[in-house]
Amino acid sequence: MSENNNYTFVIKPKRTLWEIDLKEIWRYRDLLFLLVKRDFISVYKQTILGPVWFFIQPLLITITFTIIFGQVAKISTGGAPEILFYLTGITFWNYFSSCLTSTSNTFVSNASVFGKVYFPRLIVPLSVIISNLMKLGIQLLLLLMVWVYYIINSDAVHPQIELLLMPFYLLVFALMGLGFGLIFSALTTKYRDLTFLIAFGVQLLMYASAVIFPASVVPADKQWILFLNPLVSLMEAIKYSFLGQGIFSWFYLAYSTIFTAIILVIGVLVFNKVEKGFIDTV
């Protein structure tokens, strides 16, 4: 066959680890939307209550946390209503943890598909981020209803102008979860035990991310240690914006943003490297 023939598509490995063909991802946007629909529907497809679980899950966890940490352990919420405080933290933590744990299984759970047909592999973790964002949107409705109730019937909730930064908070959460997920997805192709450790580690991380307590309970001279966790500044900023209770710091938000950018770059590099030959490992 002549080398001068013009081909419709040429499939070849990436030339560099830095190469991300955004135009190609855009060409496969229909597949992206199809995967988002699949992820969103398949979770509760054969359940009795269906999407209602999106409301029930955070509500049950909130009630449990209120009883255990609020009533039994007597952990301070900084003056915010306990139910609203825990529901706020749980809603946004669930989004981050779902993004991380779901994307961490990208190669293992999609090996059969990746081995048969070509498409930009990055579409799969991106679809997870978007589908989880849709779930977050549903859970935000529950949070907003409780939030409005306390605004009307209580003087303990004081929304702040920083609430306008909510899209930025969500973007950092999503990109951080994506970055970590890409790194772990590459590692799980070789070390399957990490799948179990990730789920356990995410649960432990929640207790160190100011989800069940405000950062203000930590002595002022020790708070910088807590804020080394980049999730803490985001959680505190969200609670400050919604409730008026929390520590809002531009410095620590900048730190979280830079940290996220670094993790995302590392994640993309590792993902691009592993996707070339992962099928031989899986």
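The values are calculated or read from the model by the stated rules, or taken from the named source; none is laboratory data. Remember, it's a predicted structure, so these values are computed and weren't measured experimentally. For neighbour counting, all protein chains shown are included, and Cβ atoms are generated from backbone atoms with ideal geometry for every residue, glycine included.
Reported count of residues in the range 180-228, each being of a type outside the set (A, V, I, L, M, F, W, C), under 22 Å from ILE247 (Cα atoms) and in contact with a Leu (Cβ under 8 Å, 6 or more places away or on another chain), is 1. Residues in the range 183-203 that are surrounded by 16 or more Cβ atoms within 10 Å (Cβ to Cβ) and either within 17 Å of LEU133 (Cβ to Cβ) or among the hydroxyl-bearing types (Ser, Thr, Tyr) (or both): SER185, THR188, THR189, THR195. Under the condition of being aromatic (Phe, Trp, Tyr) and in contact (Cβ under 8 Å) with a residue 60 or more places away in the chain, the residues counted in the range 128-174 number 4.
Working only within the range 51-76, note down all residues that are in a helix (DSSP H, G or I) and polar (S, T, N, Q). Working first, answer last.
Keep residues of the range 51-76 that are in a helix (DSSP H, G or I), which gives 51-72.
Passing the criteria: GLN57, THR62, THR64, THR66, GLN71.
Residues that are surrounded by 15 or more Cβ atoms within 10 Å (Cβ to Cβ) and not in a helix (DSSP H, G or I) were ranked within the range 157-178; the one that is nearest to the chain's Cα centre (by Cα) is GLN160.
Screening ALA261 against (1) assigned to a helix (DSSP H, G or I); (2) surrounded by 17 or more Cβ atoms within 10 Å (Cβ to Cβ); (3) of a type in the set (A, V, I, L, M) leaves a single unmet condition, (2). Would it be correct to say that TYR149 is over 11 Å from LEU84 (Cβ atoms) and either buried (at least 16 other Cβ atoms within 10 Å of the Cβ) or not hydrophobic (A, V, I, L, M, F, W, C) (or both)? For TYR149, the condition - over 11 Å from LEU84 (Cβ atoms) and either buried (at least 16 other Cβ atoms within 10 Å of the Cβ) or not hydrophobic (A, V, I, L, M, F, W, C) (or both) - is not met.
Checked against the criterion of being surrounded by fewer than 16 Cβ atoms within 10 Å (Cβ to Cβ), farther than 27 Å from MET145 by Cβ and β-branched (Val, Ile, Thr), the candidates VAL117, VAL124 yield just one match: VAL117. Only helices (runs of 4 or more DSSP H) whose full extent lies in the range 77-156 are considered here, and the ones with at least 2 residues that are at pLDDT below 90, aliphatic (A, V, I, L, M) and under 27 Å from PHE213 (Cα atoms) are 123-153.
Against the condition buried (at least 24 other Cβ atoms within 10 Å of the Cβ) and at pLDDT 90 or above, how does PHE65 come out, does it pass?
On the way: buried (at least 24 other Cβ atoms within 10 Å of the Cβ): no; at pLDDT 90 or above: yes.
No, not satisfied.
Of the set (1) in a loop (DSSP other than H, G, I, E, B); (2) surrounded by 14 or more Cβ atoms within 10 Å (Cβ to Cβ); (3) over 18 Å from the mean Cα position of the chain (by Cα), all apply to SER216 but (1).
To keep it simple, each residue is scored yes or no on (1) assigned to a helix (DSSP H, G or I); (2) free of Cβ contacts under 8 Å to residues at least 60 places away in the same chain.
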| position | (1), (2) |
| --- | --- |
| PHE180 | yes, no |
| PHE184 | yes, no |
| TYR191 | no, yes |
| ILE212 | no, no |
| GLN223 | yes, yes |
| SER233 | yes, yes |
| GLU236 | yes, yes |
| GLY246 | no, no |
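Residues that are closer than 19 Å to GLY137 by Cβ and not charged (D, E, K, R) are absent from the range 66-79. Taking the criterion of being over 19 Å from VAL268 (Cβ atoms) and charged (D, E, K, R), the residues of the range 176-223 that qualify are ARG192, ASP193, ASP221, LYS222.
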